[in-house]
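A quick write-up on the structure given underneath.
Nothing in this text is a laboratory measurement; each read-out follows from the coordinates by a stated rule. Everything numeric in this text was worked out from a predicted model, so none of it was measured. Heads up, the Cβs are rebuilt from the backbone with ideal geometry, glycines too, and the neighbour counts pull from every protein chain shown.
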Amino acid sequence: MSALQNLILNCLQVLTAVSIIACSSSNTVTPPDTYSITGKISGNSNDIEGVTIQCGEKNTKSDASGTYSISELKGSSYSLTPTKSGFTFTPPTIAFTLKRDTTLPNIQISKNDSNIQKSSEFQPERGTVGARVTLLGKDFGVVQGSSIVKIGESQVSIITWSNSKIEFLVPNGATTGVITVQTPTKKISTSSPFYVLEPMGNVSANCSTSVNIMFNPDDTKLFSFYEGRTFDVGTGQFLWKTGNSIYSRTDIDFSKDGKLLFEKSDYFINAYNYTSSDPTTNHHLYEIELHNRVHAFKVLSQNSLLLITDSAFLRIDATTGSVQSSTPFFTSSENTRYDYIDVKFSEDGKRVLIQNNDVSYLVNIVDCMSGSLLGKFEKGDDYDPLPSISPDGKSLLTYKNTSVILWDISSGTPKQTKSYIFETDVNEVQFSPSGKKMGVRTVDGKIKVIGLQDERLYTEIVSDDLHSFTFGHNTPWLAVVECTLIKWYFIGEL
């Protein structure tokens, strides 16, 4: 080989080595974030240890208390499955998407026993201590006698007893478990557990202040109107607050991606960065000064807000405050005064309910695109709050005394379709985010989640001092405001 060929060969080897080093340095891969999960197996204390927990490619076993944990899981969708020879589990699997360290709902373990009679019908499926449960079946016995009922290992207090129906209260100390009826001659057990609800988190509230609450769009944070405080839903940790403004806070809404929080007073809208959780950061971005009194507003898109003023709908740029369009309202003679008591938008921002001072018991249903009056609705009492609008804007829920009524407003003219009767007066009603259920708060300190079509009671939360409640958007959270606490519960489905 000539000297020239040797030189060329050496140069090529040097260039190749440099290229390999450059490629290696430029393609450095940052390890993905990993998270952990924890959970608990509930049931007989002799059964809960040694359950194999399979999650993706990882597995572990529950300890003597039934607790298990798996770490270093990548952010993804998973299905967790418990197994132990001779036992069944409810639920048999838990499907979830992991975005943070997560505590999963309890899993109930039960022995396989073909000699136990099954009775699967009971309501509600979930409830706090003090919730009233109705169990339906057969052969319970005409009178209770020496028979007992348990949730898991906790004996309950019986309210009523018959051969086919038992009513009882969830006792203190009860944990999630199947319901069993032990008679002198047989044992009757439900095929699915009753879930005893414990708060997944709680934070302090101010009893002297009317507190409204709202989840952010991805349900990871909870906003309280009291001082504009934000809390982490997973940990309950206080994150930051907008603070006390010289302008009274009257309404809030989030951008669709949850990155911006808009806070309204009568003549101002303030925008905040809602992505940072650092309490030392100045979250305030800008203030929009309004030249008309704004009664309510809705975020339509990332850059557009819909405002309702005394006489028109205004669409404004969310960053500059400049008016994009103005749509006057209907001009019927009986609605020439625009002094509104209350205003409520549908979730999609296409319809709005307006109650004014002229005829305070009438509610106007208005199309937000055209400003035209679609219909009117007589809600009864001047002081009753506005109805709840379904997520699709086609139905209303109203209440008076012990009745809740479902209305169809798809044509603009309300048409009663169904009514629901409660034992005590109703204080508040809301559609769930799916529109398939409703939450009802009654004067006896209960919140009931009920199917609109099947009228089944799914969840009951009991408290001595309930003020208000709200649903999560996509995650099955239910947050409640008591006098001194805000609590949130995982209720299974919305």
**OP:** Excluding Tyr78 itself, calculate the net charge of residues whose Cβ lies under 11 Å from the Cβ of Tyr78, where each Lys or Arg counts +1 and each Asp or Glu counts -1.
**Re:** +1
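How would you order 76-86, 483-493 from highest to lowest mean count of nearby Cβ atoms within 10 Å?
Answer by packing, highest mean first, reads 483-493, 76-86.
Starting with the highest mean, order 445-451, 54-60 by the number of other Cβ atoms within 10 Å, averaged over the residues of each peptide.
Order by mean packing, descending: 445-451, 54-60.
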**OP:** Return the FRET efficiency for the residue pair Tyr35, Asp425: r is the Cβ-Cβ distance, R0 is 51 Å, and the value is rounded to the nearest 0.05.
**Re:** 0.70
**OP:** Please give the residues of region 423-452, grouped as numeric ranges, whose backbone N is less than 11 Å from a label point set 7 Å along the Cα-to-Cβ vector of Glu167.
**Re:** 423
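What is the Cα convex hull volume of region 114-196 when expressed per residue in Å³?
Values: hull volume 6.5 nm³, N = 83.
Given the Cα convex hull of region 114-196, per-residue volume reads 78 Å³.
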**OP:** Output the peptides 122-132, 158-168 sorted from most to least packed, where packing is the average of other Cβ atoms within 10 Å over each peptide's residues.
**Re:** 122-132, 158-168
Subject >> In order through region 433-438: 3J(HN,Hα) via Karplus (6.51 cos²θ - 1.76 cosθ + 1.60), integer Hz, x for Gly, Pro >> reply: x, 7, x, 9, 10, 10
Original post:
So what are region 34-110's ellipsoid semi-axes, whole angstrom, largest first, if each one is the square root of 5 times an eigenvalue of the alpha-carbon gyration tensor?
Top reply: 21, 12, 10
Subject >> Förster radius 56 Å - calculated FRET efficiency between Ser372 and Thr60, Cβ distance, rounded to 0.05 >> reply: 0.35
Original post:
For Lys415, which lysines qualify as cross-link partners when the Cα separation must be under 20 Å and same-chain residues fewer than eight apart are set aside?
Top reply: Lys344, Lys350, Lys376, Lys379, Lys394, Lys400, Lys436, Lys437
Original post:
For Lys418 and Asp257, what does the FRET efficiency come to when R0 = 22 Å and r is the distance between their Cβ atoms, rounded to the nearest 0.05?
Top reply: 0.05
Original post:
What is the magnitude of the charge dipole of region 114-196 about its Cα centre, with +1 placed on the Cβ of each Lys and Arg, -1 on the Cβ of each Asp and Glu, and no other charges, expressed in debye to the nearest 20?
Top reply: 100
**OP:** Hey, for a label at Lys241 modelled as a point 7 Å past Cα toward Cβ, could you say which residues of region 466-487 have their backbone N under 17 Å away?
**Re:** 482-487
